[in-house]
Structure formats: structure tokens, C-alpha cells
1. Looking for whichever is surrounded by fewer than 12 Cβ atoms within 10 Å (Cβ to Cβ) and more than 29 Å from ARG309 (Cβ to Cβ) here; the options are SER193, SER207. Which one fits?
2. Inside the stretch 232-266, can you point out the residues that are part of a helix (DSSP H, G or I), out of contact with any strand residue (DSSP E or B) (no Cβ under 7 Å at 6 or more places or on another chain), more than 14 Å from HIS426 (Cα to Cα) and within 16 Å of the ligand (Cβ to nearest atom)?
3. I'd like to verify a number: residues in the stretch 416-436 that are touching a Gly at 6+ places or on another chain (Cβ under 6 Å) and aliphatic (A, V, I, L, M), how many?
4. Kindly provide the set of residues from the stretch 276-332 that are surrounded by fewer than 19 Cβ atoms within 10 Å (Cβ to Cβ) and polar (S, T, N, Q), ordered by number.
5. Grab the helices (runs of 4 or more DSSP H) fully contained in the stretch 363-467, keeping just those with 1 or more residues being within 21 Å of the chain's Cα centre (by Cα) and of a type outside the set (Val, Ile, Thr).
6. Taking the stated definitions as given, is GLY273 under 23 Å from LEU457 (Cβ atoms), of a type in the set (Gly, Ala, Ser) and out of contact with any Lys or Arg (no Cβ under 8 Å at 6 or more places or on another chain)?
7. Within the stretch 267-281, how many residues are within 13 Å of the ligand (Cβ to nearest atom) and either of a type in the set (A, V, I, L, M, F, W, C) or more than 17 Å from ASN181 (Cα to Cα) (or both)?
8. So PRO310 fits all but one of (1) of a type outside the set (Lys, Arg); (2) within 15 Å of the ligand (Cβ to nearest atom); (3) in contact (Cβ under 8 Å) with a residue 60 or more places away in the chain; what number is the exception?
Amino acid sequence: MPGGVVEPRARQIGALAAVLHEHQTAPPFLDLVDELAAQLPQLGPHAVVDVRETKRRIDRERRLDAALVRERSMLHAQARAVWITARRDDDFSALAPWLVRVVHMERRVAACIDPNREAYDVLLDNYELGTSGAAIAALFAELRGALVPLVDRLRARAAARPQSVGALRGSFPVEAQRRFNQLVAETIGFDFSKGRLDEAVHPFTTSIGNDVRITTRYDPQDLRYALYSTIHETGHALYEQGLDPAAWGTPRGESCSLGVHESQSRLWENQVGRSRGFWQHFLPRAQAMFPDLADTSVDAAVRAVNEARPSLIRTEADEITYNLHIILRFELERQLLDGSLDVAALPQIWRERMRDYLGVTPDTDRDGVLQDVHWACGDIGYFPTYTLGNVYAAQLLRAAEAQIGSTEELAAAGEFTVLLDWLRQHVHRHGQTHRPAELIRLATGTAPTPQPLLDHLERKLSFLESI
Ligand code: ZN
């Protein structure tokens, strides 16, 4: 969108948000939902989920008035536009007053919805229902305590060796990459009769009913760049395609939470896609399409996709360091909301935490606090779902393997449907029947715990140290 039309577009977005809000809170609809909610014990199991979740959503919505909804949507659209130029110009002072307004707005909205709970917890319900800032803080403190020493080891290793060029760099014509990425998505289970793979600057997944669209972007010099975005988005898409089509349009036919959604993308991207078994199956197929891979071994490919070292940018971070980027953001956004941290102090505290957690410090705010759009868009409470997704993914894979055996061996044989079927049965088809922590407990036998993820990362680091 051209930069000069931000204002009118923000007004349109605000107007649409207010219209939607008025429909959702129209008295006849509210009365019907309240009436059904009063009969909850008599309803069948499917209707119970749909009525419970619809009631929960409209109970949040009815506490906001249309003017506030409009103002909030406009503010997010405007602040997002300011973020684009502030980041380009490396000018935090341009964004700061807008972030102050966003934080105030989110506090106001949270206070309208429930003045008796912490504002952060009220906002979290939008992304990961049934948890709290305190519960996430406890989980993340455990993770951080274990991750910082792993990153210290990683730094020692990185200092002792030059950054390698990597086996999957070379000449990879985009047309051949399109075929390869399509093959990978299809082999792991994407149903191309009900979706497409296209291109976009920022990869994403979106569903229009049962039509699931994913995007990736290509680098003709690096096979990994598109491939791991494609696998990530395919993981999201497999979840969407695994929802119960008969429940479409109702909460039971919708994904459980952002954290659970992210667990599906991370599981396929990291746990499966970076495994040796995956490359045993796909390397010969890639070699048939790309002459530059003629001399590449499975070992070299596995090394190239698991390289890790502390870095500044979250979206480019490896598996071992990634969660510390998230923990930092979670800690800061929770403090912004409770008022114990001022927006003006963000750049400095960002640099200090990066140094403490990852041992690297950004020279610019563009590579620091300005790198992500989330806060400008009012997405406070969103960041922790990325790490919750990693935690759930490792836990789900461990539970799946206890029943279906080694996914490495299955992948090496090109057999991905056994794992997909397990995920469909234990995660996808339930929609919003259970809250996220309960879904994970039912699927794995234990409440969300970071140990399987820490074990996975420890194994990964030991592998890197061994080569
Ligand atoms: Zn994702």
C-alpha cells in the first residue's frame, strides 16, 4: 500500500471493525447465545464446545463499545505504518509515542473486558487461552536457566571455527526450486486439491474455508531459504486441512490456539525437516533436480540445516538460540503492560538483555527493538506462543514416537503419513474442544513441560560439537 494513503485506510479498517463488532453484539444474537448457554448441561458434546466458545467470545466483545473498537483498529493501522518507516530509518524516537499509545489502549481494552485480572492475562486469552503471564513466566524461567548455558557452549564453538559456507548453497534455479518445494509439501501430506503454494515476501498460511493457501520465497543461491519456510507453512496448512470439515465455521472446526498452531509448523520444520531421515529421503530427489548437489552427502546437508550461532534477528535465529529471543520479548512486553517499564527505556534494556542472554548486542535499533512489527500492531501477548509452540512440538513428537516408533526411520523411508495421522487424531480433529494445555495433556500424558524441547536442543548442540 502506498505510504500516503495510510490515514484513509486506517479509517476504513476502523469503520469495518466497528461494523463487525455491532453485528457480534446485536441484542437478538446476544439473547440467543445467552439462552443456549443457560442450557449448556443439556446440549450434546459438539454443541457444548460451540456454545461455550461463542459465549466466551461475545462476552469479551460486549464489554467494549463500538467507538473504542474503531479507535483501537485505527491506532494499530497507523502505528504499523509508522513502524515501517521508523525501522527503515532506524529511528526509535518516531515510533516511541505510538507505542505509548498502543500500550495505553491495550490496558484500556483489558480493563473493559475484565478489570479484576492482570491486563496481560486478559490479552493472552486472545492467543493462548487458559494460561497466564505468571504460568508462562515460570515455564520460561526454567527454559532460560537451561538455555543460557547451552548458548554459552554454542558461542565457544562458534569462536573456535569460521562460519561455514554450507552445503546447500550454490546455484538453484527458481523454477526447479518451485518443483522441489511442491514435492516436499506434497510428500509430507499437503493436499494440493484443496490448496496452493505461491510466493510472497513474508511467508504465511491462510484459509478460506477448506481452501488452504501457503506462500514461500526463493533465493536462487540457497536451497534452505525457501525450503524451511515451505515446510513451516506446510505444517500450519496440515493443521488447517486436518480440522473437521463437518464443523467448518464453528469453534469446533477452528484451530485450538496460536501456540498449538505454531507447534505444528515447528514440528515439521525443525523436528522432521532438519532430521537425518528427512535428508536421506529427499537428498537423492534434490540431486536429480539440482546439478550443484551432485557431490553433497547426507551428512553435509544435515550439518548445513542445523548450523547455529547467536545472532541479532529473531526470524533468522536457529533452534538453539530462538527461544531466548522470545523470552526477552515476553519479559519486556509484560513489564510494559504492568507499567514497570517505560517505552523510552526499551532500546537500552533490549541491548542489555541481548548481551546477557545471547552474548550479542545490536549496534542499531533496527537490528534491536525495531525488528518486529507485533507491538506496533497491538499484538501484545502474541510472542510467547512461538516458544509455547516449540515446547508443545517437542512434547508431541516424543509422545508420537512412543506409539509409532522412530520418525527418523519413517522419514528415511519417505513415510510421513503415519506421523500426520497421529497428529490428526490427537491434535487436528479436536478443533477447540479442549483448551491448549488440556489438549497437550490428553495427547502426551503430561501438562506442557520444557524438558522434551531441552533434550532435543541438547542433542542438537552435542551433534554440532561433534563435527
Ligand atoms: Zn508459524
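1. Values: SER207 fails: surrounded by fewer than 12 Cβ atoms within 10 Å (Cβ to Cβ).
Within the list SER193, SER207, the selection yields SER193.
2. Within the stretch 232-266, HIS232, GLY235, LEU258, GLY259, GLU262, SER265, ARG266 meet the criteria.
3. 1
4. The answer is GLN280, GLN287, SER297, SER311, THR315.
5. Working: elements: 384-404, 407-412, 417-426, 436-444, 451-465.
Here the list reads 384-404, 417-426, 436-444, 451-465.
6. Working: under 23 Å from LEU457 (Cβ atoms): yes; of a type in the set (Gly, Ala, Ser): yes; out of contact with any Lys or Arg (no Cβ under 8 Å at 6 or more places or on another chain): yes.
In short, yes.
7. Going through the stretch 267-281 one residue at a time, the tally reaches 2.
8. So the condition that PRO310 fails would be (2).
FYI, it's all coordinate maths here, none of it is from the lab. Just so we're clear, the structure is a prediction, and the values are computed from it rather than from any experiment. Quick reminder, even Gly has a Cβ in these numbers, built from the backbone with ideal geometry, and neighbours come from all protein chains shown.
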